[in-house]
Amino acid sequence: MAQSQGLGYEICLLPREKALTFADYLNSRGIPAKAAPGASEHWSVYAAREEDVPAAKRELARFIKNPWDSSFSQPSWSRGARAPKRRGMKPRFFQALSWNPLSATSIVEVICIAFFIGEFADEDFMVSMFSLNHAQGAMLPWGAYRLITPAFLHFGIMHIAFNLVMWEALARPIERVLGTGKLVALALVVAAFSNLLQYMALQNGVFGGLSGVVYGVIGYLGVISKRPDAPQALGFPAGLLAVSVVFILFGFFTGGIANFCHLGGLAVGAAIGLVDFRRPRLFG
């Protein structure tokens with residue numbers, strides 16, 4: 001069996017998401033593997049060692065028979081953490097969409113939508129309870145949640161739609177590759193820092209939106225995606241970081257934009273990415 005362009009020994013050809021899931025599963029079973037673009041829109045899965053090929057093909061037979069079994073999908077979320085005892089928690093409807101309602105990425109989306117519905121019912125209440133603004137007075141210890149909750153407030157359908165699309169596209173790969181803990185920690189730190197910076201710069205009015213956190217995710221991915229060992233699942237669109245900087249700078253010449261929130265999010269996200277970039281071992 002020949003080795004394919006240094007990638008390893010080809011096991012199979014699958015749709016992209018299934019190839020990534022199966023490669024993660026093989027790694028969790030102690031079989032070093034990776035997925036790479038193959039023919040047409042499919043991806044190839046490779047085993048790093050020739051002696052692992054028979055075992056990988058046996059696992060492939062099981063995978064093809066029941067690809068939605070949680071024993072296969074769990075490694076993509078936990079990267080080798082102990083699988084939960086309960087199986088079948090992800091309904092087949094969501095499995096078909098590759099959308100896990102119990103993931104941190106999805107939970108953030110649901111919270112944003114719930115807040116948006118709440119604003120339709122009583123915007124004044126939602127703003128007074130969850131915004132961070134000088135009119136509310138000093139932020140006492142029991143009001144520390146306001147450092148985070150402005151990220152869930154949105155003012156307009158296009159505002160929330162754009163933020164959720166970007167969050168889904170960029171945050172979910174981080175959770176799949178680096179785990180839920182990493183994504184949650186990143187989002188909380190970025191939200192707190194960017195919201196506080198905007199609060200300090202804003203004298204009147206309120207602000208809200210997930211865009212500060214989205215910019216943080218862009219900054220983080222823009223840095224760690226440059227690591228030589230970065231998996232293809234963390235592929236970062238070329239030029240997105242530069243375009244983001246241009247949009248932030250442009251925002252300072254227009255009104256109604258939380259520019260300092262965006263700038264702070266991008267900066268702290270990139271800073272966290274730089275720390276992780278220098279870690280000897282980040283993936284796997």
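Values in this text are rule-based calculations from the coordinates and carry no lab data. For clarity, every value in this text was computed on a predicted model and none was experimentally measured. A quick note on method: Cβ atoms are made from the backbone with ideal geometry, for glycine too, and the neighbour counts reach across all protein chains shown.
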### Message
I need ILE111, ILE117 ordered by Cβ neighbour count within 10 Å, fewest first.
### Response
ILE117, ILE111
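By the gyration tensor of its Cα atoms, with a ≥ b ≥ c the square roots of the eigenvalues, what is the shape of the stretch 104-277: rounded for a/c under 1.5, prolate for a/b over b/c, or oblate? List each step's numbers first, then the result.
Values: a/c = 1.75, a/b = 1.56, b/c = 1.12.
In terms of gyration-tensor shape, prolate.
How do 221-230, 7-16 rank on mean C-beta neighbours within 10 Å, highest first?
On the way: 221-230: 16.5, 7-16: 18.2.
Listed from highest to lowest mean packing, they are 7-16, 221-230.
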### Summary
Two pseudo-spin positions, 7 Å from Cα along C-beta at LEU13 and at HIS159, lie apart in nanometres by 4.8 nm
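Using the number of other C-beta atoms within 10 angstrom as an exposure proxy, rank GLU168, GLU51, GLU59 with the fewest first.
On the way: GLU168 15, GLU51 9, GLU59 19.
Neighbour counts put them in this order, fewest first: GLU51, GLU168, GLU59.
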### Query
Using θ = phi - 60° and the Karplus form 6.51 cos²θ - 1.76 cosθ + 1.60, what ³J(HN,Hα) does each residue of the stretch 7-13 get, whole Hz, x for Gly and Pro?
7, x, 10, 5, 9, 6, 10
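Taking other Cβ within 10 Å of each residue's Cβ, how do THR21, THR180 sort, fewest first? Don't jump to the answer; show the numbers that get you there.
Numbers: THR21 26, THR180 19.
Going from sparsest to densest Cβ surroundings: THR180, THR21.
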### Query
Between the DSSP loop rule and a limit of at most 11 other Cβ atoms within 10 Å, which trypsin sites (Lys or Arg not before Pro) in the stretch 99-197 are left?
none
